[in-house]
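Notes for the one structure printed next.
The values are calculated or read from the model by the stated rules, or taken from the named source; none is laboratory data. Keep in mind it's a predicted model, so treat the numbers as computed, not measured. For neighbour counting, all protein chains shown are included, and Cβ atoms are generated from backbone atoms with ideal geometry for every residue, glycine included.
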Amino acid sequence: MTLTRISPASRISGALRSPITFSVLAGLVIGALFLVGTGADPLTAYSAVLTGSLGADGIGSTLSTGTSVLGMALALAIPLRAGLINLGGDGQMVLGGITAAVTGLYSPLPAPLTVVLALLAGMAVGAAYAALAALCENRLGVPLLVSSLLLSYPAVSLASYLARYPLKEPGSSLPQTRAMPDGVALPAFGDSTVTVGLVLVVLAAAAYWFTDKRTAFGYEIRMTGLNSRFAAYAGVERQGLTLKLMSVSGALAGLVGAIGVLSFPYRFVDGSLTAPGYTWTGLTAALLAAAAPLGTVVASFFFAVLAVGGLAMERTTEVPRELTQVLQAIVIVFLAARLRFPTKWFSRRTQESGAV
């Protein structure tokens, strides 16, 4: 039996053939060119991003941001794995948050049980609202992409109304609800802002991985995403699958909203869940990872590092944090292009090497 030894050059070229690897590297290189063009030092700027996000002072913020980004990335990756795009993450997340706030404020149960009830209620409402978008496609023929996006606006408006009027904290100039009662909060790790919510989304990621890799249902999801017509011939009922996946997606989005309310500042603040762009960053992470479970986790925390590190970079250098948004955009542009150029380039180089 002969073992073929793979040279380092072959390993590198193989890695660069990966759309994800090439997209990230291309984003970093083009970002460096932007920095050079503005007179900034790329090494100093990137070092500030890493230090500010992964250093002792920034790791807590990165994990807190990563909790929300990963939660939304999972919520959007699960239907995306089957070729379904849920653009209503904001509405489902906000409804989950305001539902958790109402539950926390009015539940007669002891604080620990109220926390559990608030999480479950947020997930249930998020799931129901996402299922409504699926029913619009299944029963009315409205494309899921359109129905999920349009349903998001009334949900956000309803939550905003509740925070500004019926549930508004008396005497506050901010559009926010009253604070949760004592003890109605997710336990935090030490003095940081990182809560048990991180554990919950990691468990959700583990469940997604297990379902995707180890169950027949996960195989049906992947098969539908690769070829929906073949999946239908194999007996996969698309309408039922759409309803199931959208319900799970909405439940995870509602969980993210509930975690946000049950963490600091322990209330629903109008705009606090939508302004950071968790939904769109999560969608970017899911697209970057092609909705693969482990890849989605890595991509989510990659973007969390960029978000938190961008603020640190702006404080310590003269580079605006918007550069990190430029990096995200470049990564997605390269990924969306399918990276046909590097694939052809490497194929040509391989043929030339063989000819020699």
Give the number of residues within the range 91-118 that are under 27 Å from W209 (Cβ atoms) and surrounded by fewer than 24 Cβ atoms within 10 Å (Cβ to Cβ). 1
Pair list, Cβ < 9 Å and 6+ apart or interchain, from the range 201-225 residues that are of a type in the set (S, T, N, Q) to residues that are in a helix (DSSP H, G or I) and surrounded by 16 or more Cβ atoms within 10 Å (Cβ to Cβ): T211/I78; T211/G218; T211/I221; T211/P293; T224/A231; T224/R238; T224/L241
Might you let me know whether the range 198-210 holds any residue that is hydroxyl-bearing (S, T, Y) and surrounded by fewer than 20 Cβ atoms within 10 Å (Cβ to Cβ)? no
Quick one: G190 ticks every box in (1) crowded, with 16+ Cβ neighbours inside 10 Å; (2) at positive phi except a single one, so which number is it? (1)
Does A77 qualify as being closer than 18 Å to A204 by Cα, crowded, with 24+ Cβ neighbours inside 10 Å and touching a Ser or Thr at 6+ places or on another chain (Cβ under 8 Å)? yes
Flag if V333 is within 22 Å of S61 (Cβ to Cβ) and either surrounded by 23 or more Cβ atoms within 10 Å (Cβ to Cβ) or out of contact with any Gly (no Cβ under 6 Å at 6 or more places or on another chain) (or both): no
Please verify whether S263 is touching a strand residue (DSSP E or B) at 6+ places or on another chain (Cβ under 7 Å), closer than 24 Å to V298 by Cα and either touching a residue at least 12 places away in the same chain (Cβ under 8 Å) or of a type in the set (A, V, I, L, M, F, W, C) (or both), treating the condition exactly as stated. yes
Among (1) part of a helix (DSSP H, G or I); (2) within 13 Å of V261 (Cβ to Cβ), where does A128 come up short? (2)
Which condition from (1) surrounded by fewer than 16 Cβ atoms within 10 Å (Cβ to Cβ); (2) among the basic types (K, R); (3) modelled with pLDDT under 95 is the one that R321 breaks? (1)
Listed residues L151, L109, L140; which is of a type in the set (A, V, I, L, M, F, W, C) and touching a residue at least 24 places away in the same chain (Cβ under 8 Å)? L151
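Quick one: how many residues across the range 271-291 are at negative phi and either in contact with a Phe, Trp or Tyr (Cβ under 9 Å, 6 or more places away or on another chain) or surrounded by fewer than 20 Cβ atoms within 10 Å (Cβ to Cβ) (or both)?
9
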Do the conditions hold for V236, that is, is it surrounded by 14 or more Cβ atoms within 10 Å (Cβ to Cβ) and touching a residue at least 24 places away in the same chain (Cβ under 8 Å)? no
Only one of L283, L255, L294, L273 that is assigned to a loop (DSSP other than H, G, I, E, B) and under 14 Å from G71 (Cα atoms): L273
Among the residues of the range 145-160 satisfying the criterion of being surrounded by fewer than 15 Cβ atoms within 10 Å (Cβ to Cβ) and of a type in the set (S, T, Y), which is nearest to the chain's Cα centre (by Cα)? Y153
Identify, please: which residue in the range 67-124 is in contact with a Lys or Arg (Cβ under 8 Å, 6 or more places away or on another chain) and in a helix (DSSP H, G or I) and is, among those, nearest to P181 (Cα to Cα)? L105
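For (1) closer than 30 Å to P175 by Cβ; (2) within 21 Å of the chain's Cα centre (by Cα), each residue gets a yes or a no:
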site	(1), (2)
I221	no, yes
Y233	no, no
R238	no, no
L243	no, yes
L252	yes, yes
V269	yes, yes
L273	yes, yes
P276	yes, yes
